Amino acid sequence: MTPMLSVEFRSEPLESKTAKACVAAYYAELAIRFEGGFDPQAKAYSGADSDTPPQVHFVVGWVGDQAVACGSLVWNDKTVGEIKRMWVAPDARGAGIARHLLDHLEDLARKEGLAAVRLDTNKELSAAQALYLSSGYSSIPRYNDNPYAHHWFGKTLRNDAFRR
(Lines give C-alpha, C1' and ligand atoms only; values in the text may rest on other atoms or scores of the structure.)
Protein backbone atom coordinates (compact mmCIF):
# COMPACT_ATOMS: atom_id res chain seq x y z
CA MET A 1 0.00 0.00 0.00
CA THR A 2 1.17 3.50 -0.82
CA PRO A 3 2.03 5.55 2.28
CA MET A 4 -0.25 8.48 3.14
CA LEU A 5 0.50 11.41 0.86
CA SER A 6 -0.21 15.04 1.69
CA VAL A 7 -2.56 16.24 -1.04
CA GLU A 8 -3.77 19.77 -1.73
CA PHE A 9 -6.94 20.30 -3.77
CA ARG A 10 -7.16 23.41 -5.93
CA SER A 11 -9.80 24.61 -8.35
CA GLU A 12 -8.59 24.61 -11.92
CA PRO A 13 -10.17 26.01 -15.10
CA LEU A 14 -11.35 23.20 -17.38
CA GLU A 15 -9.35 24.75 -20.23
CA SER A 16 -6.05 24.71 -18.35
CA LYS A 17 -3.18 22.51 -19.47
CA THR A 18 -3.25 20.65 -16.13
CA ALA A 19 -7.00 19.97 -16.22
CA LYS A 20 -6.79 18.75 -19.81
CA ALA A 21 -3.85 16.46 -18.96
CA CYS A 22 -5.67 14.93 -15.97
CA VAL A 23 -8.87 14.35 -17.94
CA ALA A 24 -6.89 12.88 -20.86
CA ALA A 25 -5.15 10.43 -18.49
CA TYR A 26 -8.55 9.50 -17.01
CA TYR A 27 -10.07 8.92 -20.47
CA ALA A 28 -7.04 6.87 -21.59
CA GLU A 29 -7.42 4.62 -18.56
CA LEU A 30 -11.15 4.14 -19.19
CA ALA A 31 -10.43 3.21 -22.82
CA ILE A 32 -8.23 0.37 -21.56
CA ARG A 33 -10.42 -0.78 -18.66
CA PHE A 34 -13.90 -0.65 -20.21
CA GLU A 35 -15.16 -3.58 -22.22
CA GLY A 36 -15.50 -2.21 -25.75
CA GLY A 37 -13.34 0.86 -25.04
CA PHE A 38 -14.39 4.40 -24.26
CA ASP A 39 -15.38 7.39 -26.41
CA PRO A 40 -15.63 10.66 -24.45
CA GLN A 41 -17.41 12.22 -27.44
CA ALA A 42 -20.39 9.84 -27.10
CA LYS A 43 -23.33 12.22 -26.98
CA ALA A 44 -24.98 10.79 -23.86
CA TYR A 45 -21.64 10.72 -22.02
CA SER A 46 -20.53 14.21 -22.96
CA GLY A 47 -23.81 15.92 -22.06
CA ALA A 48 -23.99 17.52 -25.50
CA ASP A 49 -27.80 17.76 -25.35
CA SER A 50 -27.95 19.92 -22.23
CA ASP A 51 -30.13 23.04 -22.74
CA THR A 52 -28.66 24.89 -19.77
CA PRO A 53 -24.91 25.07 -19.36
CA PRO A 54 -24.13 23.69 -15.91
CA GLN A 55 -22.01 25.29 -13.24
CA VAL A 56 -18.78 23.38 -12.65
CA HIS A 57 -16.11 23.16 -9.97
CA PHE A 58 -13.16 21.26 -11.43
CA VAL A 59 -10.56 20.28 -8.85
CA VAL A 60 -7.02 18.98 -9.20
CA GLY A 61 -5.21 17.16 -6.40
CA TRP A 62 -1.57 18.05 -6.01
CA VAL A 63 1.23 16.25 -4.18
CA GLY A 64 4.04 18.79 -4.27
CA ASP A 65 4.22 20.00 -7.86
CA GLN A 66 2.66 16.81 -9.28
CA ALA A 67 -1.01 16.69 -10.34
CA VAL A 68 -2.18 13.28 -9.09
CA ALA A 69 -5.99 13.47 -9.07
CA CYS A 70 -8.99 15.28 -10.46
CA GLY A 71 -12.74 15.43 -10.19
CA SER A 72 -15.62 17.79 -10.72
CA LEU A 73 -18.89 18.90 -9.22
CA VAL A 74 -21.55 19.85 -11.78
CA TRP A 75 -25.00 21.33 -11.13
CA ASN A 76 -27.82 23.26 -12.77
CA ASP A 77 -29.84 24.21 -9.70
CA LYS A 78 -29.58 24.10 -5.93
CA THR A 79 -31.05 20.64 -5.49
CA VAL A 80 -28.81 17.86 -6.78
CA GLY A 81 -25.25 18.08 -8.03
CA GLU A 82 -23.31 15.43 -9.87
CA ILE A 83 -19.78 14.27 -9.14
CA LYS A 84 -17.94 13.45 -12.34
CA ARG A 85 -14.56 12.42 -13.69
CA MET A 86 -13.00 11.36 -10.39
CA TRP A 87 -9.54 9.99 -11.11
CA VAL A 88 -6.36 9.29 -9.15
CA ALA A 89 -3.06 8.61 -10.91
CA PRO A 90 -2.10 4.93 -10.65
CA ASP A 91 1.14 5.66 -8.75
CA ALA A 92 -0.78 7.69 -6.12
CA ARG A 93 -3.47 5.08 -5.45
CA GLY A 94 -3.80 3.42 -2.07
CA ALA A 95 -2.97 6.60 -0.14
CA GLY A 96 -6.55 7.71 0.55
CA ILE A 97 -6.55 10.46 -2.08
CA ALA A 98 -9.82 9.31 -3.70
CA ARG A 99 -11.69 9.50 -0.38
CA HIS A 100 -10.24 12.95 0.34
CA LEU A 101 -11.19 14.09 -3.15
CA LEU A 102 -14.74 12.80 -2.71
CA ASP A 103 -15.00 14.58 0.68
CA HIS A 104 -13.68 17.79 -0.90
CA LEU A 105 -16.23 17.66 -3.74
CA GLU A 106 -19.03 17.03 -1.21
CA ASP A 107 -17.84 20.04 0.83
CA LEU A 108 -17.97 22.17 -2.33
CA ALA A 109 -21.53 20.95 -2.92
CA ARG A 110 -22.52 21.94 0.62
CA LYS A 111 -20.93 25.39 0.17
CA GLU A 112 -23.00 25.82 -3.01
CA GLY A 113 -26.13 24.95 -1.02
CA LEU A 114 -26.81 21.69 -2.85
CA ALA A 115 -29.10 19.28 -1.04
CA ALA A 116 -27.65 16.06 -2.47
CA VAL A 117 -25.10 14.65 -4.88
CA ARG A 118 -25.21 11.73 -7.23
CA LEU A 119 -22.82 9.95 -9.54
CA ASP A 120 -22.58 7.00 -11.86
CA THR A 121 -19.88 4.44 -12.49
CA ASN A 122 -18.97 1.53 -14.70
CA LYS A 123 -19.11 -2.12 -13.64
CA GLU A 124 -15.33 -2.42 -14.14
CA LEU A 125 -14.59 0.21 -11.49
CA SER A 126 -15.12 -1.94 -8.39
CA ALA A 127 -12.80 0.15 -6.20
CA ALA A 128 -14.88 3.24 -7.03
CA GLN A 129 -18.09 1.39 -6.17
CA ALA A 130 -16.61 0.31 -2.82
CA LEU A 131 -15.48 3.88 -2.10
CA TYR A 132 -18.94 5.32 -2.75
CA LEU A 133 -20.72 2.71 -0.63
CA SER A 134 -18.27 3.13 2.26
CA SER A 135 -18.72 6.93 2.03
CA GLY A 136 -22.46 6.83 2.67
CA TYR A 137 -23.77 6.62 -0.89
CA SER A 138 -26.76 4.44 -1.69
CA SER A 139 -27.78 2.83 -4.95
CA ILE A 140 -30.38 4.96 -6.75
CA PRO A 141 -32.37 4.49 -9.95
CA ARG A 142 -30.73 5.33 -13.26
CA TYR A 143 -30.84 9.12 -13.74
CA ASN A 144 -28.99 9.59 -17.03
CA ASP A 145 -28.24 8.02 -20.40
CA ASN A 146 -24.50 7.58 -19.87
CA PRO A 147 -23.75 4.57 -22.09
CA TYR A 148 -20.82 3.56 -19.86
CA ALA A 149 -22.69 3.59 -16.53
CA HIS A 150 -23.92 0.43 -14.83
CA HIS A 151 -24.36 1.74 -11.28
CA TRP A 152 -25.91 4.96 -9.96
CA PHE A 153 -25.37 6.30 -6.44
CA GLY A 154 -26.72 9.21 -4.41
CA LYS A 155 -26.04 10.88 -1.08
CA THR A 156 -28.14 13.36 0.85
CA LEU A 157 -26.20 16.38 2.10
CA ARG A 158 -29.15 18.20 3.72
CA ASN A 159 -32.24 16.82 5.42
CA ASP A 160 -34.51 18.58 2.93
CA ALA A 161 -32.74 17.10 -0.10
CA PHE A 162 -35.81 15.74 -1.82
CA ARG A 163 -38.50 18.15 -0.63
CA ARG A 164 -39.91 20.52 -3.20
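The values are calculated or read from the model by the stated rules, or taken from the named source; none is laboratory data. This is a predicted model, so every value here is computed, not measured. Heads up, the Cβs are rebuilt from the backbone with ideal geometry, glycines too, and the neighbour counts pull from every protein chain shown. Note: accessible area is taken over every heavy atom of the protein model, side chains too, but ligands, DNA and RNA are not part of it. Shrake-Rupley method; radii C 1.70, N 1.55, O 1.52, S 1.80 Å.
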### Query
Where does each of 60-71, 133-144, 102-113 land if you order them by average Cβ count within 10 Å, highest first?
60-71, 102-113, 133-144
### Query
What accessible area per residue comes out for the stretch 81-164, rounded to a whole number of Å², with a 1.4 Å probe?
51 Å²
### Query
For residue 68, which sequence-distant residues (separation of 5 or more, or a different chain) have an amide H within less than 5 Å of its own amide H, given hydrogens modelled in the peptide plane?
61, 62, 63
### Message
At 1.4 Å probe size, with the rest of the protein present, what percent of the exposed accessible area of the chain is carbon and sulfur atoms?
### Response
51 percent
### Message
Over the Cα atoms of the chain, each weighted equally, I'd like the Debye log10 I(q)/I(0) at q = 0.08, 0.10, 0.11, 0.18 Å⁻¹, rounded to two decimals.
### Response
-0.22, -0.35, -0.43, -1.26
